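No value in this document is a laboratory result; all are computed from the given coordinates. Small disclaimer: the values here were computed from a predicted structure and weren't measured. For neighbour counting, all protein chains shown are included, and Cβ atoms are generated from backbone atoms with ideal geometry for every residue, glycine included.
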Amino acid sequence: MKKITTDHAITRWDLFAESYANNHGDEGDLHKKVLLNPVIFQMIGSLQNKRLLDAGCGEGYLSRLLSEEGAIVTSVDFSERMIEIAKERTPEHMNIHYYHGNCEELNFLPDVSFDVIVSNMVMQDLANFNKACAEMYRLLVTGGMFVFSILHPCFITPNSDWERTPEGKKLYRKVGNYFAEGVYEQPYGEPENVYFFHRTLTTYINTLVDIGFRIDRIVEPTISKEMLAKHPEFADALISPNFIVFKLIK
Ligand SMILES: C[S@@+](CC[C@H](N)C(=O)[O-])C[C@H]1O[C@@H](n2cnc3c(N)ncnc32)[C@H](O)[C@@H]1O
């Protein structure tokens, strides 16, 4: 079998860019609006005049929200089409600087040039997590913050699925292949699948610690009663988390 690299994975993101973007409004898609954005914004706190990197910005909804919070935003994505769409969607007054670049190698950005780095649902999409995190560490000032979210690696694994009632109600997750680190494909409603790079929680945490990050906080987003009343389709978030969000300090 041929080795799947970040370059292979990104060709898929280029193909999906249009439909991915169509799924995203001002607050992202519904999962981001309901589960991820509230956690990310609470973790980051005040952003006024902070130099911020959105690493793997996609169509840029989060960059725009962060800019509205007062951050000075630089955004990078390895899909050229995503960057084009992000630029089209960003009003000029926001002054967000978009770059085409691979988070594993951001040589064009100088050392210690950001106070905050955010990376929303990107780190499971690239092949070399160690290299990407080392880049984030290089780019941050001492005391700077790296907040990133990923698919929860303990619950979303190659071939994991839900056990359901005959009526289709989700009961519990069937999780297999947890220790099978490596690339796998997931359907994305398109003719081609998207690539994910599965790693154990041990690999995620030990990589971050070995690079020198301090883990400040972890959140496994669930749903409040109020939100559940508005979005009953997210009831599975009460059973087990889809995502995990890390807040790290350099
Ligand atoms: C699931 S999307 C998330 C996009 C955006 N952060 C959001 O929350 O909507 C993953 C994004 O990561 C980008 N990506 C994947 N690998 C990357 C890499 N090595 N460097 C930079 N961007 C990458 C993809 O092009 C895609 O836009």
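A compact table of results
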read-out	value
The chain: relative contact order as a whole-number percent, Cα under 8 Å and 6+ apart	18
Region 117-131 residues near the modelled residue 214 label - backbone nitrogen below 20 Å, point 7 Å along Cα→Cβ	117-118
Computed over region 51-131, the ratio Rg/Rh where both radii use C-alpha atoms and Rh is Kirkwood	0.94
Ordering of 177-183, 27-33 by burial proxy (mean other Cβ atoms within 10 Å per residue, highest first)	27-33, 177-183
Two-decimal Rg/Rh across region 97-176, once Rg and the Kirkwood Rh are taken from alpha-carbon atoms	1.17
Estimated FRET transfer efficiency when R0 is 45 angstrom, pair residue 46-residue 167 (beta carbons, to 0.05)	0.45
GNM top mover of 36, 151, 238 - the chain, alpha-carbon springs below 10 Å	238
Rounded if a/c under 1.5, otherwise prolate or oblate - region 6-249, Cα gyration tensor axes	rounded
Amide H contacts under 5 Å for residue 72, placed H, 5+ residues apart	49, 50, 51, 52
Cross-link partners of residue 169 among aspartates and glutamates (Cα-Cα below 18 Å; sequence separation of 8 or more within a chain)	161, 233, 236
For region 6-249, share of DSSP beta bridges that run antiparallel, in % to the nearest 5	55
Computed lengthening from residue 192 to residue 30, 0.36 nm per intervening residue step minus Cα-Cα distance	56.0 nm
Distance between region 9-82 and region 195-250 - C-alpha centres, whole angstrom	17
Estimated dipole of the chain in Debye, rounded to 20 [Cβ of Lys and Arg +1, of Asp and Glu -1, Cα centre]	760
Separation of the residue 202 and residue 89 label points, Cα + 7 Å toward Cβ, nm	3.8
Percentage relative contact order, region 1-105, counting C-alpha pairs under 8 Å, at least six apart	26
Candidates 226, 92, 167, ranked by Gaussian network fluctuation over the chain, Cα under 10 Å, top entry	167
Residue with peak Gaussian network fluctuation, the chain [Cα springs, cutoff 10 Å], from 79, 119, 224	224
Estimated [θ] at 222 nm from DSSP helical runs (n ≥ 4, -39500 (n - 2.57)) normalised by residues in the chain, nearest 500	-8500 deg cm²/dmol
Isotropically averaged projected area of region 1-56, using the convex hull of Cα atoms (one quarter of hull area), nm²	6.0
Length released on extending from residue 180 to residue 249, taking residue separation times 0.36 nm less the Cα-Cα span	21.9 nm
